[in-house]
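One structure is given here, and the rest of the page talks about it.
Any read-out appearing in this document is the output of simple, stated calculations on the displayed coordinates, not a laboratory observation. Keep in mind that what you see is a predicted model, and the values were worked out from it rather than measured. Positions of Cβ are generated from backbone atoms using ideal geometry, with glycine treated the same way; all protein chains shown enter the neighbour counts.
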Amino acid sequence: MSTFRKFGWLLVLSMTVVVLLSACSGTEPIVSAGQVAVKLNPAFLPGGNEPRYTSVITAGNRYDVNDKGYELKKILIVPEGKLGWDGTRNLLPGPYPNLAEGDITIFRDMTVITTGWIAVHSTGDGTYQALQPGRHAVPLEEVIRIPTGSLRYRTLASELLPDENACESFKCETSITRASVSGSQVEATVDVDVLFHFDTTDPQALWKLQDLEVAVQNFVGSTLRGSRAASSPFTIEQLKTQAGREALQEAYLQPLKASTAATPIIVDQVLVRSITFGDEAWRQAQLQREQELAVEQNQAALLQEQQKNLAAENKLKAERAAFAREQALLDADNRVQVAQKLLTAYSTSDWRILWVLMYGEQVPPFMNADGNLSQQPELLRP
């Protein structure tokens, strides 16, 4: 055992002996550790000017056991995460050797702000305090907690509202129904995401909102449902395009900005997530018509392709025939030129030589099968 630890034990034993000797030598008991002897003040009122006790004797000190005004009680220990109230101030977690446990009966949750949140507290004198992330000696029920950063209000089909994964937003409500469409008796159902945030620079304005979800429903949700006519300038065909959806988003955004202008709710953007037209029967009929139209268009495209192929084939045949005619003409012209050259070259020779040169072994028209001339041919000239 180290010298320091030995000295500590000796000191404790010495103090214990002194206390025991003192207790044996005197008539007044000593208040034990963890206790306090108090005299209650009958004039005390919470929030008043009179103190709670007329006398307080803490642990290690003597008190008159014969004085019936004293009460020996455990000291007050405020639990972690809680706040105590002594009638004039909030008490942080920890031990209070000067206060009795039974005299502080109100324990409330302490305000603990985590990252991504702030809290607003009314000080009671007309001012409002913004509490940043951390521990604060303010009861949780006396603050309004406000999330910071970008948030989302989402509309969903009613059957999806209980699904936390589908919602995953600050607030979810049912779809925008019965939205009007230009040039059609058919109504639309629209689902949107509204991106917004709270302006945390004005604590008083945030305090006035009180229930944030109710405030978002009033200023954002109700405004959206009051803007069903925002889609009325657009046709079904327009709303099926990206440009049409972007224009509808802007048509929703402007009323929202107007309705939240005097509040700390700042609407940043509206995103149209989906648009469905008509009821289920209308959509099925529309789908069937689209399928039939697609079949007709495919057949028309196939016929057009067949006609193009036939035209290409006919063109190829015509080009081949033209080429064959061109070749035949060239061949005939070549033969004429050859014949002319032969006739010129052998014009003074025996006509039989010319015949053989021109027609090979064919029988000349002027000769019988036995090789005799049937008639004398005229003199050949080129």
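Observations
- Here the Karplus relation 6.51 cos²θ - 1.76 cosθ + 1.60, evaluated at θ = phi - 60°, turns the backbone of the stretch 132-149 into coupling constants of 7, x, x, 9, 9, 7, 9, x, 4, 6, 9, 10, 10, 8, 10, x, 9, x Hz, with x for every Gly and Pro.
- Cα gyration tensor shape of the stretch 31-105, rounded if a/c is under 1.5, else prolate or oblate by comparing a/b with b/c: oblate
- Ranked 176, 30, criterion: other C-beta atoms within 10 Å, fewest first: 30, 176
- Value of Rg to Rh for the stretch 152-278, rounded to two decimals, is 0.99; Kirkwood radius and Rg both from alpha-carbon coordinates.
- In this label model, residue 185 and residue 137 are separated by 7.2 nm, measuring between points 7 Å along each Cα→Cβ vector.
- Length added when fully stretched, residue 317-residue 195, from 0.36 nm per residue minus Cα-Cα: 37.3 nm
- Extension gain (nm, one decimal) between residue 152 and residue 337, 0.36 nm per residue minus Cα-Cα: 57.3 nm
- Residues with amide H under 5 Å from that of residue 99, placed H, sequence gap 5 or more: 76
- Between residue 237 and residue 178, full extension at 0.36 nm per residue minus the direct alpha carbon distance yields a gain of 19.5 nm.
- Spin-label model, residue 73/residue 161: points 7 Å from Cα along the beta carbon direction are separated by 5.0 nm.
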